[in-house]
1. Once you compute Rg and the Kirkwood Rh from C-alpha atoms, what is the Rg to Rh ratio for region B:161-279?
2. Using a Förster distance of 25 angstrom, determine the FRET efficiency expected from the C-beta separation of B:Ser18 and B:Asp82, and round it to 0.05.
3. Sorted from fewest to most neighbouring beta carbons within 10 Å, what does the list B:His237, B:His113 look like?
4. Just grab the label-to-label distance for B:His168 and B:Thr279, each label 7 Å out from Cα along the Cβ direction, in nm (one decimal).
5. Test of understanding: ordering A:Arg10, B:Arg202 by Cβ neighbours within 10 Å, fewest first, what list do you get?
6. Taking only Cα atoms and a 10 Å spring cutoff, compute GNM fluctuations for chain A and point out the largest among A:Gly53, A:Gly28, A:Gly74.
7. Compare A:Leu35, A:Leu88, A:Leu55 in a GNM of chain A, Cα atoms joined below 10 Å, and give the one with the largest fluctuation.
8. Any idea what angle helix B:210-220 forms with the longest principal axis of chain B, computed on alpha-carbon atoms, 0 to 90 degrees, nearest 10?
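Every read-out reported here was derived from the displayed coordinates using simple, explicitly stated rules and does not represent laboratory data. Predicted, not measured: the structure shown is a model, and the values here were computed from it. As a convention, Cβ positions derive from the backbone with ideal geometry for all residues, glycine included, and neighbour counts pool all protein chains shown.
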Amino acid sequence: MTATQAVLDRVTRVPGVRGAVVVAAADGLVVAEQLMDGVDGQAAAALTASLVGRLVRTAEGAGMRPPAFVQLRGDGGSVLAAPGPQDLVLVAVVGPDANLGLARLEMIEAVGRLA
Amino acid sequence: MTDDIRALTTRLADEPGSLAFLELAEALRRRGQLEAAYKVARGGLARYPGLADAHDLMARVLSDQGDLAGAFDAWTSALQLDPMRTSALKGVAFLYFRAGDKAAALDHLQRAHEVDPDDPAIPQTIARLSAQLRAGAPASAPVESAAAPSAPAIAPDSSERPSPGLFHDMDGGEQGLLLVDANGLRLGGRLGGADGNDVGDRVAAQLAGLSREAARATRLLGLGSWHSIAVESPDGHLVLTQPTADTVLLAARDPSLPMGRVGLLAERAARAARTWLETQG
């Protein structure tokens, strides 16, 4: 198992996580993915990369360092993103009953292993 | 230096006559490397003075640097080369709005709407500005022709800063709360940067179109409508919410305040914003 696959495996073990993707921030392309049926990995990658890029610029505009973690919350769940080294972003799609606290900790810990 | 910037720098060095400067300067600008972005844009503009893209790029860089007069000149040049350029029309409208000249801002937005009737954010802003003008809000800054801009015409007029008391009932008052319309124009609130200066307009500009982008993401991923975005930086916690369909509210606090409490603050501020927006017609 590669380091990237190990990271995805670790995140998707958290209850309520429907899938996880490693995305290249620059172009929104999928580097690796581990998804349940029905989750569109390419959409998750492209849309989240774009949104995270905008939020990085927003934080920088406010005089802050880039975000370590982002949560986009919707009616039916959330998209979680943890920007990592080498312009990679670890993204997870989670259901409404997911353990968000655990998912957050696992992602922040795991994304550092993508280097 | 990121890989994309490195690759673009190499490409521009190999082909100095190429248009790679457009991508490189924009990438640098987005990363906040404004001085480097300016140098690249200036070099490209010297080589391609007849290229509207180059003037548009220079305007964005100068606007980010706070050189609003320079940005105005550059967007005006872009429009002289390409009168249908909506990004430049919106940029000029933004600068007129900042100067307190809502009538001129409205005129440019209406031109942008004629060019791009499919952009839903433009008519929303037109409606709001029109309502403000009908309500008798004074267009206090002198209006000069866009063809003959001058710094005084677009100098920010602090008396026209919208809604100074919008969040006066909130913890911390206006500071750290920002209400932004769909075009990235500040409607109220204040946001201090690392040096203490107000960076509200700069941050507001980054939030243009955020709501549509978030809505698209949650919809395509089967997550329904979006409610909030929480952003954790080592230097602060940000929460974004949507008081109405065409506005975004940003709450920013020190990282010592737990994210959950920043979220509650954002919800209260969103309610205050909704109430205020209703009174604005």
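1. Values: Rg = 13.5 Å, Rh = 14.2 Å.
That ratio is 0.95, to two decimals.
2. Numbers: r = 21 Å, r/R0 = 0.82.
Plugging the Cβ-Cβ distance into 1/(1 + (r/R0)^6) gives 0.75.
3. Lowest count first: B:His113, B:His237.
4. About 0.9 nm separates the two model spin labels.
5. Numbers: A:Arg10 15, B:Arg202 23.
By the 10 Å Cβ count, ascending: A:Arg10, B:Arg202.
6. Looking only at A:Gly53, A:Gly28, A:Gly74, the biggest GNM fluctuation is shown by A:Gly74.
7. Ranking A:Leu35, A:Leu88, A:Leu55 by mean-square fluctuation puts A:Leu55 first.
8. 80
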